[in-house]
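The values are calculated or read from the model by the stated rules, or taken from the named source; none is laboratory data. Quick caveat: nothing in here was measured; it's all calculated off a predicted structure. Glycine gets a Cβ as well: all are built from the backbone with ideal geometry, and neighbour counts include every protein chain shown. The accessibility values were calculated without ligands, DNA or RNA, using every heavy atom of the protein model including side chains. Shrake-Rupley method; radii C 1.70, N 1.55, O 1.52, S 1.80 Å.
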Amino acid sequence: MESRIPRSVPSRAGTLNFTRTVDRSLIHRWALSEVFLTDARSVDESEYLAAAQLPPWHAYYSERFSRLGAPDPLLLLECARQAETYGGHAFVGVPRDSKFLLRNWSVSLPGLLSAPVGGRPGELAMRVRTSNRRGAPGDVRRLTYDIGLELSGHRLGSVCMDVGYIPGEVYDAVREQGRGRPLTPFSEVTRSGPVVEPFLVGRSDPANVVLGEVLLGPDGASAPIRPPVHNPSMFDHAQDHLPGMVLMEAARQLCLFAVSELYGASVPRTTVAGFEFSFTRYAELDSLTTVHVRKTEPYPHDDELGRSLPGLRTFHVEFEQDGIVIAAGRMHTTTSVARALPVAAHRGQETAA
């Protein structure tokens, strides 16, 4: 999606603010350290602008073996998710107690590898357009969000989310009916078991690894997901299912493993550049979830993503639970040469006070 967000946005919205975070309750976060959204301004009934600050270092999003000097695509997705959640409550009228049901989402980041690199926290500006609204006024049941992303004036790409909403007072009943059994209390969920060696999936800290032992085949790989319920970034608060963000981390880690083992590509020089996923059932925390990736033909589309990034590889991804595919899609990776980072970025310091 084409998007160009100027530093000074239209007068009806005012200038985006990067000096403080928004109310964390409106983005469903407990810890202020996990709040990246700094502002949101309504433009009209179907459009608003949002701002987020990318932290210069983060225990989860920054803890990657990457030599590309590019923003973490899942951090960008989290910022877009926070913009979607905040805007749903603040501008669209989604009740605060409503539960969000992710139906599908897609990410395309043709500007990822050419993003500016510096020692200061990045300023992410987002233009959000809503459509396909379902439900009566004051009772929103479904909405599509198209989100354009710019980092310090550089266009990164876009995120699209199709989200449903369930009234809070009926959520537990809906969940138990779908499961066929009562919900397991979060405190009783089995903690993460042994995980694959972190360096194989682009990590150094085992706390950020979500895969168990990987089984490699001639054209793909599979692994059990170890729910990282102890990780304060992936599980900021108690959940009754594996969030979509955790599923994307599992897909990313398995794709990085497959890039190395099936293509001989460098994991530190590889990043996710885009994906499209649909979700049909909740990923239950009290049942084993397995992620499968299968290499496909080279990236098939003659679009901006394919023209902008080198060596795109596409993997078909499925998440399986109790013999049923609960989510599926495609994830696209790109491998490129490393970029030299500024000295201040290596030191985690600003170049000037």
Residues of region 91-138 being of a type in the set (Gly, Ala, Ser), open to solvent by 50 Å² or more (accessible area, probe 1.4 Å) and closer than 28 Å to GLY153 by Cβ, in sequence order, are SER114
The residue that is nearest to GLY202 (Cα to Cα), considering only those in region 12-66 that are in a loop (DSSP other than H, G, I, E, B) and of a type in the set (Phe, Trp, Tyr), is PHE65
Being in contact with a Leu (Cβ under 9 Å, 6 or more places away or on another chain), free of Cβ contacts under 8 Å to residues at least 40 places away in the same chain and open to solvent by less than 60 Å² (accessible area, probe 1.4 Å), is that true of even one residue in region 312-319?
yes
If we keep only residues of region 321-337 that are touching a strand residue (DSSP E or B) at 6+ places or on another chain (Cβ under 7 Å) and open to solvent by 60 Å² or more (accessible area, probe 1.4 Å), then the residue nearest to LEU183 (Cα to Cα) is VAL325
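Among ARG294, ARG252, which is the only one that is surrounded by 19 or more Cβ atoms within 10 Å (Cβ to Cβ), modelled with pLDDT of 95 or more and in contact with a strand residue (DSSP E or B) (Cβ under 7 Å, 6 or more places away or on another chain)? Steps first, answer last, please.
Values: ARG294 fails: surrounded by 19 or more Cβ atoms within 10 Å (Cβ to Cβ).
Every option except ARG252 fails the conditions.
Yes/no matrix, rows are residues, columns are (1) closer than 29 Å to TYR263 by Cβ; (2) open to solvent by 30 Å² or more (accessible area, probe 1.4 Å); (3) at pLDDT 90 or above:
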| position | (1), (2), (3) |
| --- | --- |
| VAL174 | no, yes, yes |
| GLN177 | no, yes, yes |
| ARG181 | no, yes, yes |
| GLU188 | no, yes, no |
| GLU197 | yes, yes, yes |
| VAL201 | yes, no, yes |
| PRO206 | yes, yes, yes |
| VAL209 | yes, no, yes |
| GLU213 | yes, yes, yes |
